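Written below as structure tokens is the structure these notes are about.
The values are calculated or read from the model by the stated rules, or taken from the named source; none is laboratory data. Quick caveat, the model's predicted, so the values are computed rather than measured. Every residue, glycine as well, gets a Cβ built from its backbone with ideal geometry; the counts of neighbours run over all protein chains shown. With ligands, DNA and RNA removed, areas are computed over all heavy atoms of the protein, side chains included. Shrake-Rupley method; radii C 1.70, N 1.55, O 1.52, S 1.80 Å.
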Amino acid sequence: MTPFPERVFSGIQPTGNLHLGNYLGAIVNFVALQKTHECLFCVVDLHAITVPQAPNELRQAIRKIAAAYLASGVDPQKNIIFNQSQVAEHAELAWIFNCVARIGWLNRMTQFKEKAGKDRENASIGLFAYPTLMAADILLYKATHVPVGEDQKQHIELARDIAQKFNNDFSESIAANGYSGGFFPLPEPLIQGPAARVMSLRDGTKKMSKSDPSEFSRINLSDDADGIAQKVRKAKTDAEPLPTETEGFKGRPEAENLVGIYAALSGSTAEGVLRQFGGAQFSTFKQALVDLAVAKLGPVGAEMRRLEADPAYIDSILREGSRRARAIAEPIMGKAKDIVGFIR
Ligand code: TYM
């Protein structure tokens, strides 16, 4: 039996607009998990500054993520909604993990390679160390489950490696401090649902992403009904009708993506959607997808705009959430320091 009670942690970077991938891959699962688990949902502003951010835009972006959590139905009383930079222990534990993780491990991280691009020498040290901070986010609360999209899997695996190495490197000290079964849990990724990897609307082989130069590649939570309709209608497809079985998606990534999006928005599965739409032309299916997307996303976008018009309210939620997060983090950080051999 694991000595660690179940706790959920996840985070989203306040960079650019939130898109359908963030919503279906992450936020929808947060809303479901709050029913069964103790959850912390973070706005990871320390991660955002691993690439340059304009201060005023960053502040707005932090509020936007908090507004998205609230507008999607995450309850700020039941869960903890906060921003990372208000809990100093994130950076503190990340430093210890920088001394536990190996350069070779970080060199293998695909996100760093993608984000640094060709000019690696000019990337910030923060961008390289990004995954150790992410491990600290999770382990600072001894979180056991981390709901994320597919693209974060490698990072969670690294967090497990760091937890394991810390537990091994300090095993004697951990035991001397009265712990059995390790100090940190090995967190598990929760990568769930038919939209764990939402693809670009322009190219079914590329992930939907904030950094894609084409606005038509993604649906943003802030898009209005017309914008959503336009983007769905323009989405790349092929000439065949929809298949009747999921095997028919072979070589048809765009069809698979749109069906996955429909399934996630309607709380169904790809199989379920094909039972309804298998054999239909894309024109028919796209119209149904527009109606569904507008019905599901429209109210979230409207509520986000309403909340964003009251920054003082959002800031008060983040401040109170940060206070509650600190109350969990401080004793764990204190023990980690004892284990490493610091005096406090
Ligand atoms: P970020 O801000 O890039 O994305 C936030 C969440 O959205 C998911 N996601 C997607 N899911 C499906 N399809 C897509 N196309 C898609 N694009 C993004 C991401 O998987 C993520 O769940 N490193 C993290 C933030 C982070 C974090 C953490 C997450 C920092 N510390 C601790 C969990 C736990 C990131 O950059 O997510």
Item to complete: Restrict the check to segment 272-292 and report whether at least one residue is over 17 Å from Leu201 (Cβ atoms), aromatic (Phe, Trp, Tyr) and touching a helix residue (DSSP H, G or I) at 6+ places or on another chain (Cβ under 9 Å).
Response: yes
Worksheet item: Out of all the residues in segment 321-335, is one or more outside the structural domain of Ala175 (by TED's automatic domain parsing), in contact with a strand residue (DSSP E or B) (Cβ under 9 Å, 6 or more places away or on another chain) and small (Gly, Ala, Ser)?
Response: no
Worksheet item: Restricting attention to segment 34-50, does a residue exist that is under 24 Å from Pro187 (Cα atoms), among the polar types (S, T, N, Q), assigned to a helix (DSSP H, G or I) and touching a strand residue (DSSP E or B) at 6+ places or on another chain (Cβ under 9 Å)?
Response: no
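Being of a type in the set (Asp, Glu), under 19 Å from Ala26 (Cβ atoms) and modelled with pLDDT under 95 narrows it down to one of Glu114, Glu157, so name that one. Before the answer, list the steps.
On the way: Glu157 fails: modelled with pLDDT under 95.
Answer to the check: Glu114.
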Worksheet entry | Residues satisfying the stated conditions in segment 3-48, i.e. more than 11 Å from the ligand (Cβ to nearest atom), without any contact (Cβ under 8 Å) to a residue 60 or more places away in the chain and open to solvent by less than 30 Å² (accessible area, probe 1.4 Å) | Gln34, Cys39
Response to the item:
Those residues of segment 266-291 which are among the aliphatic types (A, V, I, L, M) and under 23 Å from Ser214 (Cα atoms) amount to Leu289, Val290
Practice prompt. Could you tell me whether Leu186 is in contact (Cβ under 8 Å) with a residue 12 or more places away in the chain and within 12 Å of the ligand (Cβ to nearest atom)?
Written response: no
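Of the residues in segment 222-237, how many are assigned to a loop (DSSP other than H, G, I, E, B) and either among the charged types (D, E, K, R) or at pLDDT 95 or above (or both)?
5
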